[in-house]
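The values are calculated or read from the model by the stated rules, or taken from the named source; none is laboratory data. Everything numeric here is computed off the predicted structure, so don't read it as measured data. Here the Cβ positions follow ideal geometry from the backbone for every residue, glycine too, while neighbour counts run over all protein chains shown.
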Amino acid sequence: MSLVEVKDLSIGFGDHTVVHQMSLSITPGQRVGVVGESGSGKSLTALSIIDLLPESANTTGEIIRNVPAGESLRGKHIGMVFQEPMTALNPLMRVGDQIREALELHLPDIDFTARVSELIAEVDLPASVAKRYPHELSGGQRQRIGLAIALAGEPELLIADEPTSALDMITQAQIVALIKRVCDTHNMALLFISHDLGAVAALCEHVHVLEKGKCVESGSIETVLKAPQEAYTQRLIAAARPTRRRLKTREIGAPLLELDGISKRFKLPGPFWAQKAYVQALNDISLTIRESECVGLVGPSGCGKTTLSRIIAGLQTAQRGTIAFDQHTYGRKLGEMPHAARRELSMVFQDPFGSFDPRLNMAQSLYEPLYLMPELGHAERQERVHMALERVGLTPDMLGRHPHAFSGGQRQRLAIARALVLRPKLVVLDEPVSALDVSIRGDVLELLADLRENFGIAYLFVSHDLDVVRAVADRVLVMDKGEIVEQGDVDTVFDAPKARITQQLLGARLGV
Amino acid sequence: MAEQSTFVRALHHPSFRLGLLGSALFVLLALISLVWTPHPTDIVDIPNRFANVNANNWLGTDYLGRDQLSLLMVGIASSLKVALLAVAIGALIGVPLGLMAAAQRGWLEAVILRFNDFIFAFPAIISAIIITTLFGPSAINAMVAIGIFNIPVFARVARGGALSLWTLEYVDAAKLSGLSNAQISLRHIMPNVASLLIVQATIQLSLGVLAEAGLSYIGLGTQPPDTSLGLMLKEAQSFFFGFPMQAIIPGMAIVLFVISFNLLGDGLRDTLDPKLTKAGGVDVAG
């Protein structure tokens, strides 16, 4: 007998249907995954099961929950873990008391203090965290507390809505392993909602693939991964296993960018009379990028890879060290990055929504880099912008529109077009595909590979996704705590990692 | 989804509609008074003084026999003029200061912020009294005094809005394109904080009307033979027990004037501020 049975569920707001005819069932102890992109209706499906839909939603269909009449559904029978661990906890309450609160509601007859310690031990936290406030814990620790609260009522079903999306790779793998272990020991069923096929594959036995509110495919995880029937599922799987792309006709050339001994530290805020505290963001970094080469830069969050890429792009200056780029040398004591160097370098940002001024139309944004080339006439400017658009597969008639008229993938293409207007020799790519839905990542990566092949542009590819880096990069740099701990050919480094952090990062990969 | 213009969206907001109606009425009265008033305001007609509401003088006459409606229209015009110019002074000096503080950071920001704190440390009415006693009471000095108090208000709003924009990626992209901080401020920051500034301007406008009335009431603002709402109130004070309408008319005008502009500002803020709309707590119109 199944724990929860959803039959032909449709959810809509006004006359706009968001979930169409969804059916799923969860048997005791079964782990079920729901995979889909943002806006595919996966969270609403989960909320409908725990009866937390917004009031304005109208639903049709049937949800049968195997719960004795009169007993509370939430907490006691169905527990939930949320995406954002900071906002899911009460900031003014010690986390131990928050677990206790859940216990008092569901199991009023037990020794709360002992049970709280047991729950905290169960999620692998030291007993001392019970006395701490949420802001004193890291994201991963908060998510563990969220899980402990969900476990307090000893539910038969746990719903986890993107519980790892806000965490870094290494913590994500730990939380996934923890959820799996907890489900096994309690024989608890799991409904796991994620956009990440890798995490679902690591956790679930059964998977439902959602596209635009419709369940396009469902089945056991092995069958779906091995023999996906629907085009959409195939695209998802292909995106999780990015195609390897190497230069075919072009050779990697002479050194283009050389960093020598770059250091940067930030002063921590504090009262002026106190001893100044610093955080060393970059410590004596030296690296080389050659013409037409794609260099990957990976590392855990907070390792300094963003600072390094911003220094290379010229958005920040280093406190020590020199940079030699395309016959220009600059750095501390040698002066600012010269304008002539700026023309040869551009950057593509992570967030396709934040990278365009919402009040300017695309023409205004795309002509902007040409401020660096005042000598160009009107016709030449227009030719450059139109050419850049053509290269990314868009047409000049889109130039009159504002950013809100474009999808995320189109915006990222436009951001690449803006980077190409200068015809640069080096483009810094800061997580260029992480904010994109998986189904369009492949297109953007292919575009980047084509541009390198055809125009010999070198890339610095900053990413936390090792699979993507392995697919696109020739060489990889691994950073940890402001230093480059390992570098070399991407296959050599990933097949035989030497540094501890590289091994950890590789171990945390959730591939499919 | 079709993008509605901000103005159309604002019109669905009840307090914006009410505020717009009231403000438009006052502005209209002020504009008409520049070319025409029902009666001249500079002719004294003692035999007809303290007249009640009648067909000839819709709101009666004052202690010199002047038509109250005409005086009210001229008074609104002069109060509005003082408040508008005070807002202009505040915005023209304060907004560039705020944008500069956000763009340059460092010592320049510290200096601008300390300057703001210095002005804020004096209650507005006290600094206005100091200025008008130093330079003599007049409408122009009242305007300057209120305007100076507006400077830090606009500087703060501009800096606060600009600071959050400076962290965005399109600003980084503009820096990579070699734009100077001043160019970025004008091209990207200013248009994106404009909505905040417009809202602040309407609120400062209503505060300006109130401040002008206060200064005129204690004899430091507009001087006779000119008139303003505060001055009318002051002149009516001596006859309040005999002829309460003399004070009630300009008093009510001030109250309605201020309420209208505040409602307009609130409505604008609700429609323009994306943070409030996302929280979902704004759509009073339903």
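Given A:LYS264, A:LYS248, which one is at pLDDT below 85 and more than 25 Å from the chain's Cα centre (by Cα)?
So the residue among A:LYS264, A:LYS248 that is at pLDDT below 85 and more than 25 Å from the chain's Cα centre (by Cα) is A:LYS248.
Hey, can you tell me all the residues within the stretch B:157-172 that are aliphatic (A, V, I, L, M), farther than 15 Å from A:ARG359 by Cα and within 8 Å of another protein chain (Cβ to nearest Cβ)?
none
List every residue pair whose Cβ atoms sit under 8 Å apart, with the two residues 6 or more apart in sequence or on different chains, where the first one lies in the stretch B:120-134 and is modelled with pLDDT under 85 and the second, anywhere, is surrounded by 13 or more Cβ atoms within 10 Å (Cβ to Cβ) and among the hydroxyl-bearing types (Ser, Thr, Tyr).
Pairs found: B:THR132/B:SER138.
Within the bounds of the stretch B:190-204, is there any residue that is of a type outside the set (A, V, I, L, M, F, W, C), assigned to a helix (DSSP H, G or I), within 14 Å of chain A (Cβ to nearest Cβ) and over 21 Å from B:ASN262 (Cβ atoms)?
Yes.
When residues of the stretch A:293-337 are filtered for being part of a loop (DSSP other than H, G, I, E, B), more than 14 Å from every other protein chain (Cβ to nearest Cβ) and aliphatic (A, V, I, L, M), how many remain?
Within the stretch A:293-337, residues that are part of a loop (DSSP other than H, G, I, E, B), more than 14 Å from every other protein chain (Cβ to nearest Cβ) and aliphatic (A, V, I, L, M) number 2.
Would you say A:ARG246 is touching a helix residue (DSSP H, G or I) at 6+ places or on another chain (Cβ under 8 Å) and either free of Cβ contacts under 8 Å to residues at least 40 places away in the same chain or outside the structural domain of A:MET337 (by TED's automatic domain parsing) (or both)?
Against the criterion (touching a helix residue (DSSP H, G or I) at 6+ places or on another chain (Cβ under 8 Å) and either free of Cβ contacts under 8 Å to residues at least 40 places away in the same chain or outside the structural domain of A:MET337 (by TED's automatic domain parsing) (or both)), A:ARG246 does not qualify.
Just checking, how many residues over the stretch A:343-360 are within 12 Å of B:ALA173 (Cβ to Cβ) and facing another protein chain (nearest Cβ under 7 Å)?
Qualifying residue count for the region: 8.
With the structure loaded, tell me whether A:VAL19 is part of a strand (DSSP E or B) and under 21 Å from A:ALA201 (Cβ atoms) or whether it fails that test.
Criteria not met by A:VAL19.
Scan the stretch A:338-366 for residues that are aromatic (Phe, Trp, Tyr) and either assigned to a helix (DSSP H, G or I) or buried (at least 19 other Cβ atoms within 10 Å of the Cβ) (or both) and jot them down.
A:PHE349, A:PHE356
Among the numbered criteria (1) away from chain A (no Cβ under 14 Å); (2) surrounded by fewer than 20 Cβ atoms within 10 Å (Cβ to Cβ), which one does B:VAL87 miss?
Here B:VAL87 meets the rest and fails (2).
Report those helices (runs of 4 or more DSSP H) wholly inside the stretch A:367-476 carrying at least 1 residues which are crowded, with 19+ Cβ neighbours inside 10 Å and within 14 Å of another protein chain (Cβ to nearest Cβ).
So the answer is A:378-391, A:408-420.
Report, by residue number, each residue of the stretch A:284-327 that is surrounded by fewer than 18 Cβ atoms within 10 Å (Cβ to Cβ) and under 26 Å from A:ARG500 (Cβ atoms).
A:ASP284, A:SER286, A:THR288, A:SER301, A:GLY302
Only one residue in B:PHE154, B:PHE135, B:PHE115 is loosely packed, with under 14 Cβ neighbours inside 10 Å, away from chain A (no Cβ under 14 Å) and at negative phi, so which one is that?
Going through B:PHE154, B:PHE135, B:PHE115 in turn, the sole match is B:PHE135.
For the stretch B:39-90, name all the residues that are touching a residue at least 40 places away in the same chain (Cβ under 8 Å) and on the phi > 0 side of the Ramachandran plot.
B:PHE50, B:GLY60
Which residue pairs have Cβ atoms under 9 Å apart, sit 6 or more places apart or on different chains, and have a first residue in the stretch A:317-332 that is within 15 Å of A:ALA254 (Cβ to Cβ) and a second that is hydroxyl-bearing (Ser, Thr, Tyr)?
Pairs that qualify, where the first residue is within 15 Å of A:ALA254 (Cβ to Cβ) and the partner is hydroxyl-bearing (Ser, Thr, Tyr), are A:ALA324/A:TYR330.
So which of B:ARG105, B:ARG114, B:ARG156 ends up being at pLDDT below 90, out of contact with any strand residue (DSSP E or B) (no Cβ under 9 Å at 6 or more places or on another chain) and not acidic (Asp, Glu)?
Just one listed residue meets the conditions, B:ARG105.
Which residues, counting only those in the stretch B:42-75, are more than 19 Å from B:ILE248 (Cα to Cα) and touching a Ser or Thr at 6+ places or on another chain (Cβ under 6 Å)?
B:ASN48
Inspect all residues belonging to the stretch B:244-253 and state whether any of them is modelled with pLDDT of 85 or more and either closer than 27 Å to B:HIS13 by Cβ or among the acidic types (Asp, Glu) (or both).
yes
Pick from the stretch B:199-217 the residues that are among the aliphatic types (A, V, I, L, M) and within 15 Å of B:ALA139 (Cβ to Cβ): which of them is nearest to the chain's Cα centre (by Cα)?
B:VAL209
For the stretch A:95-114, what are the residues that are part of a helix (DSSP H, G or I) and over 35 Å from the mean Cα position of the chain (by Cα)?
Passing the criteria: A:GLU104, A:LEU105, A:HIS106, A:PHE112, A:THR113, A:ALA114.
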